[in-house]
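Data first, discussion second: the structure below is written as C-alpha coordinates.
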Amino acid sequence: MNKLLPLFGMNLFELEEVCLKGEQKKFVAKQLAHWLYQKNVSSFEEMKNVSAPFKAYLQENYCIHRSKYLRYSESVDGTRKYLFHFEAGYTETAMIPGEKRTTVCVSSQSGCRFGCSFCATGAGGFSGHLTAGEILEQIYGIDENQEISNIVYMGMGEPLDNLQEVLKSIEILTENWGRAISPSRITVSTIGLPAKLDEFLAKSNVSLALSLHSPFPEERVELIPAQKSNSLEDIIRVLKKHKFNQHRRLTFEYIVFKGKNHSYKHARAIGELLKSLNARINLIPYNEVPALTFQSPESYIMNQFKKELELQGFICTVRNSRGQDIEAACGMLAAKENNPPSE
Ligand code: SAH
Ligand code: SF4
(Lines give C-alpha, C1' and ligand atoms only; values in the text may rest on other atoms or scores of the structure.)
(Ligands and ions follow the chains in the order given, each with its own letter.)
Protein backbone atom coordinates (compact mmCIF):
# COMPACT_ATOMS: atom_id res chain seq x y z
CA MET A 1 0.00 0.00 0.00
CA ASN A 2 1.17 3.54 -0.77
CA LYS A 3 2.25 5.64 2.14
CA LEU A 4 -0.54 8.12 2.82
CA LEU A 5 0.56 11.75 2.71
CA PRO A 6 -0.54 13.91 5.66
CA LEU A 7 -2.69 16.92 4.74
CA PHE A 8 -2.24 18.54 8.13
CA GLY A 9 0.69 20.93 7.81
CA MET A 10 0.07 21.77 4.13
CA ASN A 11 -0.35 25.42 3.22
CA LEU A 12 -3.02 26.71 0.85
CA PHE A 13 -0.81 26.32 -2.22
CA GLU A 14 -0.13 22.66 -1.40
CA LEU A 15 -3.80 22.00 -0.67
CA GLU A 16 -4.67 23.53 -4.05
CA GLU A 17 -2.33 21.06 -5.70
CA VAL A 18 -4.07 18.22 -3.87
CA CYS A 19 -7.40 19.51 -5.18
CA LEU A 20 -6.16 19.79 -8.75
CA LYS A 21 -4.79 16.24 -8.62
CA GLY A 22 -8.17 15.06 -7.35
CA GLU A 23 -9.89 16.90 -10.22
CA GLN A 24 -11.41 19.53 -8.00
CA LYS A 25 -11.57 23.28 -8.42
CA LYS A 26 -8.89 25.26 -6.59
CA PHE A 27 -11.39 26.89 -4.21
CA VAL A 28 -12.01 23.51 -2.54
CA ALA A 29 -8.56 23.97 -0.96
CA LYS A 30 -9.96 26.71 1.25
CA GLN A 31 -12.64 24.31 2.44
CA LEU A 32 -9.99 21.72 3.29
CA ALA A 33 -7.97 24.36 5.15
CA HIS A 34 -11.07 25.37 7.07
CA TRP A 35 -11.69 21.79 8.25
CA LEU A 36 -8.06 21.23 9.10
CA TYR A 37 -7.08 24.48 10.76
CA GLN A 38 -10.30 25.95 12.10
CA LYS A 39 -12.43 22.91 12.84
CA ASN A 40 -9.52 20.63 13.76
CA VAL A 41 -11.27 17.55 12.34
CA SER A 42 -9.68 14.14 12.65
CA SER A 43 -11.46 12.36 9.77
CA PHE A 44 -12.46 13.10 6.18
CA GLU A 45 -16.10 12.16 6.95
CA GLU A 46 -16.40 15.29 9.08
CA MET A 47 -15.67 17.53 6.06
CA LYS A 48 -19.32 18.18 5.31
CA ASN A 49 -19.08 20.37 2.20
CA VAL A 50 -16.53 18.14 0.43
CA SER A 51 -18.04 15.88 -2.26
CA ALA A 52 -18.27 12.13 -1.59
CA PRO A 53 -16.03 11.12 -4.56
CA PHE A 54 -13.33 13.59 -3.52
CA LYS A 55 -13.55 12.35 0.06
CA ALA A 56 -13.02 8.81 -1.23
CA TYR A 57 -10.05 10.02 -3.30
CA LEU A 58 -8.55 11.73 -0.23
CA GLN A 59 -9.10 8.64 1.87
CA GLU A 60 -7.16 6.55 -0.63
CA ASN A 61 -4.19 8.85 -0.98
CA TYR A 62 -3.94 10.99 2.11
CA CYS A 63 -4.30 10.94 5.85
CA ILE A 64 -5.00 13.86 8.16
CA HIS A 65 -2.18 12.88 10.46
CA ARG A 66 -2.81 13.75 13.99
CA SER A 67 0.00 12.48 16.21
CA LYS A 68 -1.59 12.09 19.58
CA TYR A 69 0.72 13.04 22.41
CA LEU A 70 2.13 10.10 24.36
CA ARG A 71 1.61 11.54 27.83
CA TYR A 72 1.75 14.72 29.87
CA SER A 73 2.84 15.71 33.34
CA GLU A 74 1.28 18.57 35.26
CA SER A 75 3.00 21.02 37.58
CA VAL A 76 1.58 22.29 40.85
CA ASP A 77 1.19 25.65 39.06
CA GLY A 78 -0.94 24.12 36.28
CA THR A 79 1.79 24.09 33.62
CA ARG A 80 1.71 20.95 31.54
CA LYS A 81 4.53 19.26 29.68
CA TYR A 82 3.45 17.08 26.77
CA LEU A 83 5.58 14.40 25.20
CA PHE A 84 5.23 13.64 21.48
CA HIS A 85 6.95 11.11 19.31
CA PHE A 86 7.52 12.43 15.80
CA GLU A 87 9.56 10.99 12.92
CA ALA A 88 12.72 12.70 14.13
CA GLY A 89 12.30 11.54 17.73
CA TYR A 90 10.84 12.53 21.08
CA THR A 91 9.80 16.14 21.47
CA GLU A 92 8.36 18.12 24.36
CA THR A 93 5.88 20.97 24.45
CA ALA A 94 4.92 23.15 27.41
CA MET A 95 1.47 24.65 28.03
CA ILE A 96 1.43 27.55 30.47
CA PRO A 97 -2.00 28.68 31.69
CA GLY A 98 -2.39 32.25 32.94
CA GLU A 99 -5.15 34.54 34.14
CA LYS A 100 -5.46 36.37 30.86
CA ARG A 101 -3.75 34.03 28.43
CA THR A 102 -2.83 30.46 27.72
CA THR A 103 0.58 30.12 26.15
CA VAL A 104 1.97 27.12 24.38
CA CYS A 105 5.72 26.74 24.01
CA VAL A 106 6.44 24.66 20.91
CA SER A 107 9.57 22.84 19.76
CA SER A 108 10.91 23.25 16.25
CA GLN A 109 13.35 20.34 16.36
CA SER A 110 13.88 17.14 18.27
CA GLY A 111 16.99 18.14 20.22
CA CYS A 112 19.30 20.90 19.02
CA ARG A 113 22.67 20.99 17.32
CA PHE A 114 23.99 24.22 18.82
CA GLY A 115 25.14 22.78 22.13
CA CYS A 116 24.84 25.90 24.31
CA SER A 117 26.76 25.12 27.48
CA PHE A 118 23.88 25.81 29.89
CA CYS A 119 20.97 24.16 28.06
CA ALA A 120 19.45 20.73 28.71
CA THR A 121 18.21 20.46 25.12
CA GLY A 122 21.68 21.23 23.79
CA ALA A 123 23.25 18.67 26.11
CA GLY A 124 20.95 15.97 24.72
CA GLY A 125 22.20 16.34 21.13
CA PHE A 126 20.21 16.54 17.91
CA SER A 127 17.77 14.00 16.48
CA GLY A 128 16.20 15.93 13.60
CA HIS A 129 13.92 18.64 12.26
CA LEU A 130 10.16 18.76 12.78
CA THR A 131 7.82 19.34 9.85
CA ALA A 132 5.37 22.26 9.86
CA GLY A 133 2.63 19.73 10.58
CA GLU A 134 4.51 18.39 13.59
CA ILE A 135 5.05 21.91 14.93
CA LEU A 136 1.31 22.50 14.57
CA GLU A 137 0.40 19.17 16.19
CA GLN A 138 1.86 20.60 19.40
CA ILE A 139 -0.91 23.21 19.30
CA TYR A 140 -3.85 21.39 17.73
CA GLY A 141 -3.08 18.07 19.41
CA ILE A 142 -3.06 19.10 23.07
CA ASP A 143 -6.05 19.21 25.42
CA GLU A 144 -6.02 23.03 25.66
CA ASN A 145 -6.09 23.64 21.89
CA GLN A 146 -9.24 25.76 22.09
CA GLU A 147 -7.91 28.01 24.84
CA ILE A 148 -4.51 28.83 23.38
CA SER A 149 -4.04 32.57 22.95
CA ASN A 150 -0.26 32.88 22.56
CA ILE A 151 2.41 30.77 20.93
CA VAL A 152 6.12 30.94 21.61
CA TYR A 153 8.76 29.02 19.68
CA MET A 154 10.92 28.54 22.75
CA GLY A 155 10.86 24.78 23.20
CA MET A 156 13.44 22.34 21.92
CA GLY A 157 15.58 23.35 18.98
CA GLU A 158 16.72 26.43 17.13
CA PRO A 159 13.88 27.73 14.93
CA LEU A 160 16.17 29.39 12.40
CA ASP A 161 17.93 26.06 11.85
CA ASN A 162 14.60 24.73 10.52
CA LEU A 163 13.52 27.96 8.90
CA GLN A 164 11.28 26.80 6.03
CA GLU A 165 9.11 24.55 8.22
CA VAL A 166 8.92 27.21 10.94
CA LEU A 167 7.85 29.82 8.37
CA LYS A 168 5.24 27.47 6.96
CA SER A 169 3.82 26.74 10.41
CA ILE A 170 3.58 30.51 11.07
CA GLU A 171 1.86 31.03 7.71
CA ILE A 172 -0.77 28.41 8.62
CA LEU A 173 -1.27 29.92 12.07
CA THR A 174 -1.67 33.50 10.89
CA GLU A 175 -3.37 33.44 7.47
CA ASN A 176 -7.12 33.91 7.23
CA TRP A 177 -7.54 30.51 5.57
CA GLY A 178 -5.60 28.98 8.46
CA ARG A 179 -5.96 29.54 12.19
CA ALA A 180 -6.09 33.34 11.73
CA ILE A 181 -4.17 34.21 14.90
CA SER A 182 -2.74 37.70 15.08
CA PRO A 183 1.04 37.59 14.43
CA SER A 184 1.49 39.79 17.49
CA ARG A 185 0.56 36.75 19.60
CA ILE A 186 3.45 34.68 18.27
CA THR A 187 7.10 35.00 19.33
CA VAL A 188 10.08 33.13 17.93
CA SER A 189 13.19 32.81 20.07
CA THR A 190 16.62 32.43 18.49
CA ILE A 191 20.32 32.64 19.19
CA GLY A 192 20.48 34.62 15.92
CA LEU A 193 21.96 33.19 12.73
CA PRO A 194 22.36 36.43 10.71
CA ALA A 195 21.52 35.32 7.15
CA LYS A 196 18.56 33.24 8.26
CA LEU A 197 17.46 35.92 10.69
CA ASP A 198 17.28 38.39 7.81
CA GLU A 199 15.17 35.98 5.75
CA PHE A 200 12.94 35.20 8.73
CA LEU A 201 12.31 38.89 9.45
CA ALA A 202 11.58 39.59 5.79
CA LYS A 203 9.15 36.69 5.38
CA SER A 204 7.13 36.88 8.60
CA ASN A 205 5.78 39.56 10.90
CA VAL A 206 5.74 37.79 14.25
CA SER A 207 7.71 39.03 17.26
CA LEU A 208 11.30 38.13 17.88
CA ALA A 209 13.14 37.19 21.06
CA LEU A 210 16.89 37.15 20.72
CA SER A 211 18.99 35.18 23.20
CA LEU A 212 21.73 37.55 24.32
CA HIS A 213 22.99 36.26 27.70
CA SER A 214 26.13 38.40 27.55
CA PRO A 215 27.07 41.64 25.78
CA PHE A 216 30.72 40.51 25.60
CA PRO A 217 31.61 38.31 22.59
CA GLU A 218 34.29 36.39 24.53
CA GLU A 219 31.79 35.56 27.27
CA ARG A 220 28.84 34.92 24.94
CA VAL A 221 30.84 32.42 22.91
CA GLU A 222 31.44 30.36 26.06
CA LEU A 223 27.69 30.17 26.57
CA ILE A 224 26.59 29.99 22.94
CA PRO A 225 29.36 28.43 20.82
CA ALA A 226 27.53 29.51 17.64
CA GLN A 227 28.53 33.10 18.51
CA LYS A 228 31.90 32.25 16.93
CA SER A 229 30.53 32.33 13.40
CA ASN A 230 27.32 34.28 14.13
CA SER A 231 28.58 37.38 15.88
CA LEU A 232 26.47 39.82 17.87
CA GLU A 233 27.74 42.55 15.59
CA ASP A 234 26.28 40.84 12.51
CA ILE A 235 23.06 39.99 14.36
CA ILE A 236 22.55 43.61 15.37
CA ARG A 237 23.32 44.79 11.85
CA VAL A 238 20.47 42.57 10.59
CA LEU A 239 18.08 43.70 13.35
CA LYS A 240 18.67 47.33 12.41
CA LYS A 241 17.45 46.64 8.87
CA HIS A 242 13.97 45.70 10.12
CA LYS A 243 11.20 47.59 11.88
CA PHE A 244 9.97 46.71 15.34
CA ASN A 245 7.04 48.29 17.15
CA GLN A 246 4.30 47.35 19.62
CA HIS A 247 2.86 44.82 17.15
CA ARG A 248 6.14 43.26 16.15
CA ARG A 249 8.19 43.34 19.29
CA LEU A 250 11.91 42.89 19.66
CA THR A 251 12.97 41.45 23.00
CA PHE A 252 16.40 40.38 24.16
CA GLU A 253 16.32 37.37 26.43
CA TYR A 254 19.00 37.41 29.06
CA ILE A 255 19.53 34.43 31.35
CA VAL A 256 21.01 35.52 34.65
CA PHE A 257 23.62 33.03 35.86
CA LYS A 258 24.55 33.53 39.49
CA GLY A 259 27.93 35.24 39.87
CA LYS A 260 28.56 35.42 36.14
CA ASN A 261 26.76 37.97 34.00
CA HIS A 262 24.92 40.48 36.21
CA SER A 263 27.55 43.08 37.08
CA TYR A 264 27.32 46.84 36.56
CA LYS A 265 29.84 46.37 33.74
CA HIS A 266 27.40 44.02 32.01
CA ALA A 267 24.51 46.49 32.39
CA ARG A 268 26.61 49.32 30.92
CA ALA A 269 27.76 47.20 27.99
CA ILE A 270 24.20 46.09 27.26
CA GLY A 271 23.14 49.74 27.30
CA GLU A 272 25.83 50.59 24.78
CA LEU A 273 25.18 47.58 22.53
CA LEU A 274 21.41 47.93 22.26
CA LYS A 275 21.01 51.68 22.53
CA SER A 276 19.77 52.35 19.01
CA LEU A 277 17.34 49.41 18.91
CA ASN A 278 13.71 49.67 19.90
CA ALA A 279 13.99 46.67 22.21
CA ARG A 280 13.03 45.46 25.65
CA ILE A 281 14.87 43.04 27.85
CA ASN A 282 13.45 39.91 29.43
CA LEU A 283 15.55 38.59 32.30
CA ILE A 284 15.31 34.84 32.86
CA PRO A 285 16.60 33.35 36.11
CA TYR A 286 18.72 30.35 35.14
CA ASN A 287 16.98 27.03 35.73
CA GLU A 288 19.55 24.61 37.00
CA VAL A 289 20.17 21.57 34.84
CA PRO A 290 21.56 18.48 36.59
CA ALA A 291 25.23 17.82 35.75
CA LEU A 292 25.79 21.42 34.57
CA THR A 293 27.59 23.77 36.93
CA PHE A 294 25.70 27.03 36.30
CA GLN A 295 23.66 28.28 39.24
CA SER A 296 20.30 30.00 39.62
CA PRO A 297 20.39 33.55 41.00
CA GLU A 298 18.43 34.61 44.09
CA SER A 299 15.55 36.96 43.39
CA TYR A 300 17.37 39.97 44.90
CA ILE A 301 20.06 39.53 42.21
CA MET A 302 17.36 39.55 39.53
CA ASN A 303 15.82 42.71 40.97
CA GLN A 304 19.15 44.50 41.30
CA PHE A 305 20.13 43.74 37.73
CA LYS A 306 16.69 44.72 36.49
CA LYS A 307 17.08 48.11 38.17
CA GLU A 308 20.47 48.64 36.60
CA LEU A 309 19.10 47.91 33.16
CA GLU A 310 16.20 50.25 33.77
CA LEU A 311 18.74 52.96 34.62
CA GLN A 312 20.21 52.30 31.18
CA GLY A 313 16.79 53.22 29.78
CA PHE A 314 15.34 49.78 29.02
CA ILE A 315 11.92 48.38 29.68
CA CYS A 316 12.91 45.25 31.52
CA THR A 317 10.78 42.36 32.75
CA VAL A 318 11.62 39.28 34.78
CA ARG A 319 10.26 35.99 33.48
CA ASN A 320 8.83 33.90 36.24
CA SER A 321 9.71 30.36 35.33
CA ARG A 322 6.77 28.03 35.48
CA GLY A 323 6.62 24.27 35.68
CA GLN A 324 9.99 23.78 37.38
CA ASP A 325 8.84 20.75 39.35
CA ILE A 326 8.12 18.85 36.11
CA GLU A 327 11.15 20.17 34.21
CA ALA A 328 8.97 22.19 31.86
CA ALA A 329 10.62 25.54 32.58
CA CYS A 330 12.84 27.40 30.09
CA GLY A 331 15.69 25.30 28.86
CA MET A 332 14.63 22.20 30.74
CA LEU A 333 12.86 20.40 27.90
CA ALA A 334 15.01 17.44 27.06
CA ALA A 335 12.67 14.59 26.00
CA LYS A 336 15.23 12.14 27.25
CA GLU A 337 15.22 9.12 24.99
CA ASN A 338 16.82 7.08 27.72
CA ASN A 339 13.67 7.72 29.67
CA PRO A 340 11.02 6.57 27.21
CA PRO A 341 7.38 7.01 28.01
CA SER A 342 5.42 4.23 29.59
CA GLU A 343 2.62 3.73 27.10
N1 SAH B 1 17.07 27.88 20.46
C2 SAH B 1 16.34 29.04 20.78
C3 SAH B 1 14.97 28.76 21.37
C4 SAH B 1 14.84 27.71 22.41
S5 SAH B 1 15.48 28.06 24.01
C6 SAH B 1 17.14 29.95 21.69
O7 SAH B 1 18.13 29.49 22.24
O8 SAH B 1 16.79 31.12 21.79
C9 SAH B 1 14.40 29.34 24.64
C10 SAH B 1 15.07 30.22 25.71
O11 SAH B 1 15.36 29.44 26.88
C12 SAH B 1 16.40 30.82 25.23
O13 SAH B 1 16.50 32.17 25.58
C14 SAH B 1 17.40 30.00 26.01
O15 SAH B 1 18.62 30.67 26.17
C16 SAH B 1 16.67 29.78 27.32
N17 SAH B 1 17.24 28.72 28.15
C18 SAH B 1 17.88 27.61 27.75
N19 SAH B 1 18.26 26.87 28.83
C20 SAH B 1 17.85 27.54 29.92
C21 SAH B 1 17.91 27.29 31.33
N22 SAH B 1 18.45 26.19 31.79
N23 SAH B 1 17.37 28.20 32.17
C24 SAH B 1 16.76 29.31 31.68
N25 SAH B 1 16.65 29.59 30.38
C26 SAH B 1 17.19 28.73 29.50
FE1 SF4 C 1 19.72 25.04 21.16
FE2 SF4 C 1 18.58 27.25 22.15
FE3 SF4 C 1 19.40 25.25 23.78
FE4 SF4 C 1 21.20 26.76 22.51
S5 SF4 C 1 19.72 27.44 24.07
S6 SF4 C 1 21.25 24.52 22.69
S7 SF4 C 1 20.19 27.13 20.57
S8 SF4 C 1 17.77 25.15 22.27
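The values are calculated or read from the model by the stated rules, or taken from the named source; none is laboratory data. It should be emphasised that the depicted structure is a prediction, and the values quoted were computed from it without experimental measurement. When we count neighbours, we look across all protein chains shown, and the Cβ atoms used for this are built from the backbone with ideal geometry, even at glycine.
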Is the range 83-105 home to any residue that is out of contact with any helix residue (DSSP H, G or I) (no Cβ under 8 Å at 6 or more places or on another chain), over 24 Å from residue 178 (Cβ atoms) and among the hydrophobic types (A, V, I, L, M, F, W, C)?
yes
Counting only residues in the range 246-262 that are within 26 Å of the chain's Cα centre (by Cα) and within 16 Å of ligand 2 (Cβ to nearest atom), the one nearest to residue 205 (Cα to Cα) is identified as 251
Given (1) away from ligand 2 (no atom under 16 Å from the Cβ); (2) surrounded by fewer than 19 Cβ atoms within 10 Å (Cβ to Cβ); (3) part of a loop (DSSP other than H, G, I, E, B), residue 53 misses just (3)
The condition of being more than 15 Å from ligand 2 (Cβ to nearest atom), at pLDDT 95 or above and either buried (at least 19 other Cβ atoms within 10 Å of the Cβ) or not assigned by TED's automatic domain parsing to the domain that holds residue 288 (or both) holds, among 118, 84, only for 84
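Touching an Asp or Glu at 6+ places or on another chain (Cβ under 6 Å) and touching a residue at least 12 places away in the same chain (Cβ under 8 Å): does that describe residue 61?
Values: touching an Asp or Glu at 6+ places or on another chain (Cβ under 6 Å): no; touching a residue at least 12 places away in the same chain (Cβ under 8 Å): yes.
No.
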Within the range 255-276, the residues that are out of contact with any Pro (no Cβ under 9 Å at 6 or more places or on another chain) and either part of a strand (DSSP E or B) or modelled with pLDDT under 95 (or both) are 275, 276
Of the residues in the range 121-136, those that are within 16 Å of the chain's Cα centre (by Cα), assigned to a helix (DSSP H, G or I) and closer than 30 Å to residue 222 by Cβ come to 121, 122
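So that you can scan it fast, the table gives a plain yes or no per residue for (1) within 16 Å of ligand 2 (Cβ to nearest atom); (2) surrounded by fewer than 16 Cβ atoms within 10 Å (Cβ to Cβ); (3) within 19 Å of residue 310 (Cα to Cα):
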| position | (1), (2), (3) |
| --- | --- |
| 188 | yes, no, no |
| 204 | no, no, no |
| 209 | yes, no, yes |
| 226 | yes, no, no |
| 243 | no, yes, no |
| 264 | no, yes, yes |
| 272 | no, yes, yes |
| 275 | no, yes, yes |
| 286 | yes, no, no |
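So which of 98, 128 is surrounded by fewer than 20 Cβ atoms within 10 Å (Cβ to Cβ) and either without any contact (Cβ under 8 Å) to a residue 24 or more places away in the chain or more than 16 Å from ligand 1 (Cβ to nearest atom) (or both)?
Values: 128 fails: either without any contact (Cβ under 8 Å) to a residue 24 or more places away in the chain or more than 16 Å from ligand 1 (Cβ to nearest atom) (or both).
From the options 98, 128, the qualifying one is 98.
What do you reckon, is residue 183 farther than 24 Å from residue 110 by Cβ, surrounded by fewer than 19 Cβ atoms within 10 Å (Cβ to Cβ) and in contact with a Leu (Cβ under 7 Å, 6 or more places away or on another chain)? Full working, then the answer.
On the way: farther than 24 Å from residue 110 by Cβ: yes; surrounded by fewer than 19 Cβ atoms within 10 Å (Cβ to Cβ): yes; in contact with a Leu (Cβ under 7 Å, 6 or more places away or on another chain): no.
Spelling it out, it is not the case that residue 183 is farther than 24 Å from residue 110 by Cβ, surrounded by fewer than 19 Cβ atoms within 10 Å (Cβ to Cβ) and in contact with a Leu (Cβ under 7 Å, 6 or more places away or on another chain).
Residue by residue, here is whether (1) free of Cβ contacts under 8 Å to residues at least 60 places away in the same chain; (2) within 17 Å of residue 232 (Cβ to Cβ); (3) of a type in the set (S, T, N, Q) holds:
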| site | (1), (2), (3) |
| --- | --- |
| 242 | yes, yes, no |
| 249 | no, no, no |
| 252 | yes, yes, no |
| 266 | yes, yes, no |
| 270 | yes, yes, no |
| 278 | yes, no, yes |
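Which of the residues belonging to the range 78-117 are of a type in the set (Gly, Ala, Ser), under 15 Å from the mean Cα position of the chain (by Cα) and assigned to a strand (DSSP E or B)?
First, the residues of the range 78-117 that are of a type in the set (Gly, Ala, Ser): 78, 88-89, 94, 98, 107-108, 110-111, 115, 117.
From what is left, the residues that are under 15 Å from the mean Cα position of the chain (by Cα) are 94, 107-108, 110-111.
Across the range 78-117, the qualifying residues are 94, 110, 111.
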Checked pairs for the range 282-293, first free of Cβ contacts under 8 Å to residues at least 40 places away in the same chain, second away from ligand 2 (no atom under 12 Å from the Cβ) and part of a loop (DSSP other than H, G, I, E, B), C-beta under 6 Å and 6 or more apart or across chains, list as 285/296; 285/297; 288/296
Note on residue 60: of the conditions (1) more than 17 Å from residue 153 (Cα to Cα); (2) assigned to a loop (DSSP other than H, G, I, E, B), unmet is (2)
